[in-house]
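Remarks on the structure that follows.
The values are calculated or read from the model by the stated rules, or taken from the named source; none is laboratory data. Note that the structure is a prediction, hence the values are computed from the model and not measured. Neighbour counts are summed over all protein chains in view; Cβ atoms, including those assigned to glycine, are modelled from backbone coordinates with ideal geometry. Just so you know, the surface numbers come from the protein's heavy atoms only, side chains and all, with ligands and any DNA or RNA stripped out. Shrake-Rupley method; radii C 1.70, N 1.55, O 1.52, S 1.80 Å.
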Amino acid sequence: MGGLAEVMEGLERSWVMIDECLRRWTPEDLAVEFSRERRTGTQTFTRQWVIWHLIEHDLHHGGEVSLILGSHGLTGLDL
């Protein structure tokens with residue numbers, strides 16, 4: 001099981017990736033679609049959706065970490 005440092009490193013790495021993409025991509029680039037086949041059918045996403053989903057995911061888990069830290073009297077994350 002990983003520690004807080006490992007979680008923080010993961011959150012930092014994902015944000016660096018998002019930041020690099022957003023600096024490079026135009027609004028048109030964000031609208032680029034890609035598809036994948038699943039057993040239930042084809043799923044199509046835009047780059048914008050993927051970026052938002054990753055941010056949403058990091059916020060969720062960052063909030064969990066902050067809640068756990070706060071329950072132990074420690075300062076939460078600066079999200």
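Values as computed for the structure displayed
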quantity: Any hit, region 62-74, residues being open to solvent by 70 Å² or more (accessible area, probe 1.4 Å), among the aliphatic types (A, V, I, L, M) and not in a helix (DSSP H, G or I); calculated: yes
quantity: Check on Asp78, surrounded by 12 or more Cβ atoms within 10 Å (Cβ to Cβ) and of a type in the set (Asp, Glu); calculated: no
quantity: Residue check, Asp58 in contact with a Gly (Cβ under 9 Å, 6 or more places away or on another chain), part of a helix (DSSP H, G or I) and not aromatic (Phe, Trp, Tyr); calculated: yes
quantity: Scope region 44-61; condition under 30 Å from Glu28 (Cβ atoms), within 14 Å of the chain's Cα centre (by Cα) and not charged (D, E, K, R); matching residues; calculated: Gln48, Trp49, Val50, Ile51, Trp52, His53, Leu54, Ile55, His57, Leu59, His60
quantity: Criterion: surrounded by 13 or more Cβ atoms within 10 Å (Cβ to Cβ) and in a strand (DSSP E or B) - qualifying residue of Phe45, Phe34; calculated: Phe45
quantity: Qualifying residue in region 25-43 (condition: under 15 Å from the mean Cα position of the chain (by Cα) and of a type in the set (Val, Ile, Thr)); calculated: no
